[in-house]
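Participant: Dumping the structure here so I can ask a few things about it.
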Amino acid sequence: MRKFLFLSSLALASTLGLAGPASAEEGGQRIATQGNGKGATACMSCHQADGAGLESAGFPRLAGLNPDYLAAQLEAFQTGTRKNPIMTPIAKALSGPERLSVAAYYAAQQAPYKPLSAGVAENARGKALARVGDWRQRDLPACLQCHGPNAAGVGSSFPALAGQHASYIQAQLNAWKQGDRRNDPGGLMKAVADKLDAADIRAVAAYLAVLPAASAVSALSASDSQ
Ligand code: HEC
Ligand code: HEC
């Protein structure tokens, strides 16, 4: 898949009359910082140039997420299997090669390190949902079963949740419950979200948000990963 992305980037570079893959990367950076001049506004005005996003506004972190996952989400906004009044028109204004190059740009950014906040240790409900699930009462698998150890993500299908903003995680779980997001393969996330109530969603989002993002996982102490 990385090879495919690389080849696509080369194709983009030649379409734009630019030389080599470094220029395709610059293409992604240009969209992120200046927009594409055709209706896709600069991504950094919301997601920041380093892809950190913004908790208070519900703008997700894009830094360090899988490039194919990011490109697939842009396509989902474009085709309407994922609905959002802000992102839908922006995604529709991007061409296929632009989606790939801007996804590659943000995937290559280092996820910012967020220190573990006090209070996470007491979040027993969030921790149990994330790490154990609730098979006995409601056939609910643990989030980490699909999203990987420490919620660092698995390949292009299961996005990293560690260090993602709590406000955004909550919004997505609610979007699945309400049917605004229908792009999950096999309805896997809809099935999970439907089994969570509002207090579960708050607790599990708060727990996942303070786990260090993949690039900072080595800083995770043994006790945190239990
Ligand atoms: C005006 C603010 C704004 C701008 C500008 C913006 N975004 Fe977004 N973006 C959002 C919001 C809000 C969401 C969350 C949407 C939702 O809840 O589904 C989002 C979600 C996303 C996602 C989904 C992330 C995930 O983890 O699934 C991707 C990918 C994305 N944006 C890429 C971009 C790109 C690329 C650009 C620039 C071309 C861009 N965005 C510009 C506000 C913005
Ligand atoms: C059976 C597998 C599975 C389980 C269990 C699971 N997820 Fe997911 N999750 C997925 C898949 C697949 C996606 C990607 C959907 C897509 O392609 O849009 C996803 C995406 C997400 C996203 C969107 C992330 C983003 O960047 O937009 C959030 C938030 C999320 N899951 C939260 C959770 C939480 C919280 C739990 C536990 C309560 C959980 N998931 C359990 C499979 C799973």
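Participant: Please list, in order along the range 96-110, the HN-Hα scalar couplings obtained from phi with the Karplus expression 6.51 cos²θ - 1.76 cosθ + 1.60 (θ = phi - 60°), rounded to whole Hz, x for Gly and Pro.
Facilitator: With the stated coefficients, the range 96-110 comes to x, x, 5, 4, 5, 6, 6, 5, 5, 4, 6, 4, 7, 6, 7 Hz.
Participant: Between Ile86 and Arg182, what is the label-to-label distance in nm when each label sits 7 Å out along the Cα-to-Cβ direction?
Facilitator: That separation, rounded to one decimal, is 2.4 nm.
Participant: Sticking with this structure for a sec: Could you compute how much accessible surface Met189 exposes when probed at 1.4 Å, giving the result in Å² to the nearest 10?
Facilitator: Here the residue's solvent-accessible area equals roughly 40 Å².
Participant: Placing +1 at every Lys and Arg Cβ and -1 at every Asp and Glu Cβ, with all other atoms neutral, what dipole size does the range 145-204 have around its Cα centre, in debye to the nearest 20?
Facilitator: 60 debye
Participant: Related question: If you count only protein heavy atoms and use a 1.4 Å probe, how large is the accessible surface of Asp194, to the nearest 10 Å²?
Facilitator: 80 Å²
Participant: How far apart, in nanometres, would the label points at Gln145 and Ala108 be if each is projected 7 angstrom from Cα along the Cα-to-Cβ direction?
Facilitator: Placing both labels 7 Å along Cα→Cβ, they lie 3.8 nm apart.
Participant: Another question, then. Quick check: with the 1.4 Å probe, what order do Ser101, Ser45, Ser56, Ser167 take by accessible area, largest first?
Facilitator: Of Ser101, Ser45, Ser56, Ser167, the descending order of accessible area is Ser56, Ser45, Ser167, Ser101.
Participant: Right, next: Taking the inverse of the average 1/r across all pairs of different Cα atoms in the range 59-123, what Kirkwood radius in Å do you get?
Facilitator: Numbers: mean 1/r = 0.0758 Å⁻¹.
Across the range 59-123, the inverse of the average 1/r is 13.2 Å.
Participant: What do you reckon, how do Arg131, Arg202 stack up by accessible area (1.4 Å probe), largest on top?
Facilitator: Working: Arg131 60, Arg202 135 Å².
Ranked list, largest accessible area first: Arg202, Arg131.
Participant: Compute the FRET efficiency between Val132 and Asp50 as 1/(1 + (r/R0)^6), taking r as their Cβ-Cβ distance and R0 = 30 Å, and round to the nearest 0.05.
Facilitator: Efficiency computed from Cβ-Cβ geometry: 0.35.
Participant: Another one. Using the Karplus curve 6.51 cos²θ - 1.76 cosθ + 1.60 with θ = phi - 60°, work out ³J(HN,Hα) for each residue of the range 149-161 in order, rounded to whole Hz, and write x for Gly and Pro.
Facilitator: So the J values, rounded to whole Hz, are x, 6, 6, 7, x, 9, x, 8, 9, 10, x, 5, 10.
Participant: Something else about it: Output wanted: per-residue J couplings in Hz (rounded whole) for the range 69-86, from phi through Karplus 6.51 cos²θ - 1.76 cosθ + 1.60, θ = phi - 60°, x for Gly and Pro.
Facilitator: 5, 4, 5, 5, 5, 4, 5, 5, 5, 5, 7, x, 6, 10, 10, 7, x, 7
Participant: Can you work out the FRET efficiency for the pair Arg125 and Ala42, with r the C-beta to C-beta distance and R0 = 35 Å, to the nearest 0.05?
Facilitator: 0.35
Participant: Which value in Å is the Kirkwood Rh of the range 124-217 over different Cα pairs?
Facilitator: It is 13.1 Å.
Participant: If amide hydrogens are placed 1.01 Å from N in the peptide plane, which non-local residues have theirs closer than 5 Å to the one on Leu140?
Facilitator: Asp134, Trp135
Participant: For a quick check of understanding: with a 1.4 angstrom probe and all protein chains in place, what accessible area in square angstrom does Trp135 have, to the nearest ten?
Facilitator: The value for Trp135 is about 130 Å².
The values are calculated or read from the model by the stated rules, or taken from the named source; none is laboratory data. Note that the structure is a prediction, hence the values are computed from the model and not measured. Glycine gets a Cβ as well: all are built from the backbone with ideal geometry, and neighbour counts include every protein chain shown. Side chains are part of the model used for accessible areas, which takes the heavy atoms of the whole protein and leaves out ligands, DNA and RNA. Shrake-Rupley method; radii C 1.70, N 1.55, O 1.52, S 1.80 Å.
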